[in-house]
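K.L.:
Right, I'll just put the structure down here and ask away after.
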Amino acid sequence: MLVRLYAGHLGVRLSPLNIMVTLALCLVLWRVFRPGSGFLAWVFPARVYRSQSFWLDVKLLLFNGIIGLFITLNYVAVATFTAVMVAKGLGVETPLPDAGFPVLSALVVFLAADLAIYWYHRWHHELSALWAIHALHHSAEELSPVTTFRHHPIYGLLGVVVLSGFVGLAQGIAMTLILGSVDVATLAGTNLFAAILNLGTANLRHSHIWLRYPGWLEHVLISPAQHQVHHSVDPRHHDRNYGEVLALWDWLFGTLYITRKDETIRFGLGDSAGAPLPQPHPTLRAALVEPVAKAWSVLSGNGSGGKK
Ligand SMILES: [Zn+2]
Ligand SMILES: [Zn+2]
């Protein structure tokens, strides 16, 4: 089912192909930036890879990996069910014949999923109970590609409902308009657009490597630097650049931040004045328990969720 081909891109970042392309890109950047240290010491700094923050990312990657199969299966099931219901609701008989617009179909599903991720992410910043869950991602004080997976399991489970429901809706409408089963164009088993636009650069979004795009391109695509800004404690960076792949949504909905050459970024949780907050997630146990306790206190009216 084509939805799986979009969902698959979320885990494809650490695939051998993507890691190789990322390293090749880093080699080019190392030669351009000339940071004054050896290549490996620059790409894998001990400061990052020996930090408590990095090892919590690894533990969450393993923990979420165990329940990840369950999440992916449900993502596919919910999206497929929604797509068929929408198509039926619009008066289309299923099963549909193959229609043969794979590139168009890939684009529709990619746009729908990327837009859904924008709003899903934004709600996690704007609603206190959801912020309590998402703050775990932002408590990372060092960024590495593994930080992509630093999420509470509730973030993934809620995503099954919201993202797959939205993608299923778009898929159902596409099936109705095309009047056929939508077959999606792929590259290495992933949605064509997601695969191309994530190749190499997606792994740098969570990293110490500051890669900006020209201003016009940062209106269209989220650069690694733009996502690093999203993790900054500085108040002028708060609640900006929610986009996953496309910056277009941030531009359209007024949350875009274009990076500057001379930004100084400190990662982690900060208060409204930009002062770093104490680390609420020093251990895996704290990372799993604290967000739920905080969300519960918000929902029961006893707390604010510590919204930054
Ligand atoms: Zn965020
Ligand atoms: Zn992030």
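K.L.:
How much of the accessible area of segment 125-280, in percent, comes from carbon and sulfur atoms when a 1.4 Å probe is used? Don't skip to the answer; put the middle values down first.
P.N.:
Working: 3810 of 5810 Å².
Ligands and nucleic acids excluded, carbon and sulfur give 66 percent.
K.L.:
Within segment 245-265, what residues put their amide N at less than 13 Å from the label point 7 Å along the Cα-to-Cβ vector of TRP119?
P.N.:
Zone members listed by number: 253.
K.L.:
Can you pull the three principal axis extents for the Cα set of segment 158-262, in Å, largest first?
P.N.:
So the three principal-axis extents are 51, 27, 27 Å.
K.L.:
Is the shape of segment 112-215 rounded, prolate or oblate, going by the alpha carbon gyration tensor and its root eigenvalues a ≥ b ≥ c, with a/c under 1.5 for rounded and a/b larger than b/c for prolate? The partial results should precede the final answer.
P.N.:
Numbers: a/c = 2.38, a/b = 1.34, b/c = 1.78.
Note, shape of segment 112-215 comes out oblate.
K.L.:
Now a separate question. For ASN191, what residues show an amide H to amide H distance below 5 Å, using hydrogens built from the backbone and excluding near sequence neighbours?
P.N.:
TYR6, HIS9
K.L.:
In nm, give the distance between the simple-model label positions of GLN279 and SER51, each being 7 Å from the Cα along the Cα-to-Cβ direction.
P.N.:
The modelled label-to-label distance comes out at 0.9 nm.
The values are calculated or read from the model by the stated rules, or taken from the named source; none is laboratory data. Since we're looking at a predicted model, the values are computed, not measured. Note: ideal-geometry Cβ built from the backbone for every residue, glycine included; neighbour counts use all protein chains shown. What goes into the accessible areas is simple: the full protein's heavy atoms, side chains included, and nothing from ligands, DNA or RNA. Shrake-Rupley method; radii C 1.70, N 1.55, O 1.52, S 1.80 Å.
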